[in-house]
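Since every read-out is calculated from the coordinates, none of them should be taken as a lab result. Keep in mind that what you see is a predicted model, and the values were worked out from it rather than measured. All Cβ positions, even for glycine, are placed from backbone atoms using ideal geometry, and neighbour counts span all protein chains on display.
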Amino acid sequence: MGMGYASAHADCVEQKFVEENCPKEFQAFIKAIDDPESDVDFDFVAKQLNFEPAEEVPEPIVTAYKKLCEVFERKTGLVLGLGFHDQSDEGDRYDDVDGAYWYVGGVYRLSVAGEKYEDHITRKNFVQYG
């Protein structure tokens with residue numbers, strides 16, 4: 001199989017939207033990342049959480065992330081995720097995302113929850129090399 005660019009997209013939400021819907025869980029997640037013993041930063045966590053299992057991420061951060069996602073889904077009906085895309089290494093300068101980004105699933109065809117929050121969801125496009 002040849003190597004080349006492939007298109008991708010993410011239905012993104014602003015971090016503020018995540019924080020507004022789950023302030024307690026969001027702060028616990030950020031606090032777990034900021035813990036000096038964790039020795040990781042937000043971008044590193046966003047990159048590593050996409051791998052199963054996220055072995056490189058300290059367990060308190062994974063636990064806080066899972067709790068945040070669980071509460072967010074229960075509250076909004078949307079599936080929350082944290083992703084990372086590096087335009088310079090994996091994509092193109094025209095990509096809509098670069099770095100860490102929050103995304104939601106289950107909104108390709110707007111669900112009842114998706115319709116309710118459609119003003120907060122923006123589909124962003126990018127390419128990936130592989």
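Loop sites here are trypsin sites (Lys or Arg not before Pro) outside DSSP states H, G, I, E and B with no more than 16 other Cβ atoms within 10 Å. The longest part of the chain free of them is 1-92.
Straightening the chain between Arg74 and Tyr108 buys 10.3 nm, computed as 0.36 nm per residue apart minus the Cα-Cα spacing.
With Rh defined as the Kirkwood radius, the inverse of the mean 1/r over Cα pairs, the Rg/Rh of the chain is 0.98. Just tell me the longest site-free run in the chain, where the sites are GluC sites (Glu not before Pro) in a DSSP loop having at most 14 other beta-carbon atoms within 10 Å. That would be 57-130.
Expressed as a whole number of Å, what is the distance separating the alpha-carbon centroids of the stretch 1-61 and the stretch 78-103? One Cα centre to the other: 11 Å. With a Cα cut-off of under 24 Å and a minimum spacing of 8 residues unless on different chains, the lysine pairs in the chain number 28.
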